[in-house]
Amino acid sequence: LQRHFRSKPSYMQLVELLQDVSYRTQLGQLLDLTSQEKDKVDLTKFTMDTYKRIVKYKTAFYSFYLPVALGMIVAGVTDEATFTLAESILLAMGEYFQIQDDVLDCYGAPEVIGKIGTDIQDNKCSWLIVTALDYANEQQRETLKANYAKHEPDCVAKIKEVYKELDLEAKFAEYEASSYAALRKTID
């Protein structure tokens with residue numbers, strides 16, 4: 001950054017943006033790590049509000065807003081309203097990306113997505129578990145509580161069975177459609 005931009009008028013704005021996004025990303029990482037304990041499953045910490053804050057700060061600012069905002073600064077954009085609109089659109093895109101990633105972690109073929117999903121085993125606060133907890137009946141909640149964050153294949157299968165009973169793939173499709181429509185409305 002110093003080598004290429006130190007002499008540019010936008011240098012301090014670039015530095016401040018990088019510092020701000022780095023701080024936000026660290027907060028997101030902290031939220032992610034404190035939402036799950038290594039040896040204890042506490043599904044009461046898994047709420048949609050917590051999930052969205054993790055996604056916003058850990059993923060959306062860093063992966064979506066930062067590169068575009070850097071480009072806007074380098075291009076000479078100074079209008080605050082333009083930055084605010086870009087942030088709104090890009091944070092929504094970041095949320096969609098992470099939710100899609102969570103769904104692929106559970107249902108995606110490893111040879112297609114390039115990884116073996118382990119969110120269930122790793123006690124991750126993912127969109128699937130949060131949504132399942134929002135819709136689950138008492139018996140399904142007990143199944144989730146008894147089997148989440150366990151590495152045994154039968155435990156993972158029981159979690160996925162609850163996800164299937166709750167038709168989370170259809171709920172994702174609904175989210176995807178509404179997210180797309182909201183993005184289009186904001187962009188248009």
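A few remarks follow.
- The helices (runs of 4 or more DSSP H) located wholly in the range 72-172 that include 2 or more residues which are of a type in the set (G, A, S) occupy 80-107.
- When the range 23-37 is filtered for residues that are in contact (Cβ under 8 Å) with a residue 24 or more places away in the chain and out of contact with any Lys or Arg (no Cβ under 7 Å at 6 or more places or on another chain), the ones remaining, listed by number, are R24, L27, E37.
- Looking across E111, E80, E165, E138, one residue alone is more than 17 Å from the chain's Cα centre (by Cα), over 22 Å from E37 (Cβ atoms), modelled with pLDDT under 95 and open to solvent by 40 Å² or more (accessible area, probe 1.4 Å). It is E111.
- Residue match in the range 37-59 (condition: over 23 Å from G71 (Cβ atoms), among the aromatic types (F, W, Y) and touching a helix residue (DSSP H, G or I) at 6+ places or on another chain (Cβ under 6 Å)): yes
- Per this entry, T34 is counted among residues that are within 30 Å of Q140 (Cβ to Cβ) and hydroxyl-bearing (S, T, Y).
- Hey, F61 open to solvent by less than 40 Å² (accessible area, probe 1.4 Å) and within 15 Å of D122 (Cβ to Cβ) or not: no
- Single match in I99, I129 (criterion: surrounded by 18 or more Cβ atoms within 10 Å (Cβ to Cβ), under 11 Å from the mean Cα position of the chain (by Cα) and among the β-branched types (V, I, T)): I99
- The C-beta contact set for the range 67-79 (first residue over 16 Å from M12 (Cβ atoms), second residue crowded, with 16+ Cβ neighbours inside 10 Å, distance under 7 angstrom, 6+ apart or interchain) comprises V68/A86; V68/L90.
- For Y57, the test of being in a helix (DSSP H, G or I), over 20 Å from A149 (Cα atoms) and in contact with a Leu (Cβ under 6 Å, 6 or more places away or on another chain) is passed.
- The range 83-96, residues that are open to solvent by 30 Å² or more (accessible area, probe 1.4 Å) and touching a residue at least 60 places away in the same chain (Cβ under 8 Å): L85, S88, A92, M93, E95, Y96
- All positions within the range 22-54 that are among the hydroxyl-bearing types (S, T, Y), open to solvent by 20 Å² or more (accessible area, probe 1.4 Å) and assigned to a loop (DSSP other than H, G, I, E, B): T47
The values are calculated or read from the model by the stated rules, or taken from the named source; none is laboratory data. In this text, all values refer to a predicted model and were calculated from it rather than measured experimentally. Ideal geometry is used to build each Cβ from the backbone, glycine not excepted, and the neighbour counts take in all protein chains shown. Note: areas computed on protein heavy atoms with side chains; ligands, DNA, RNA excluded. Shrake-Rupley method; radii C 1.70, N 1.55, O 1.52, S 1.80 Å.
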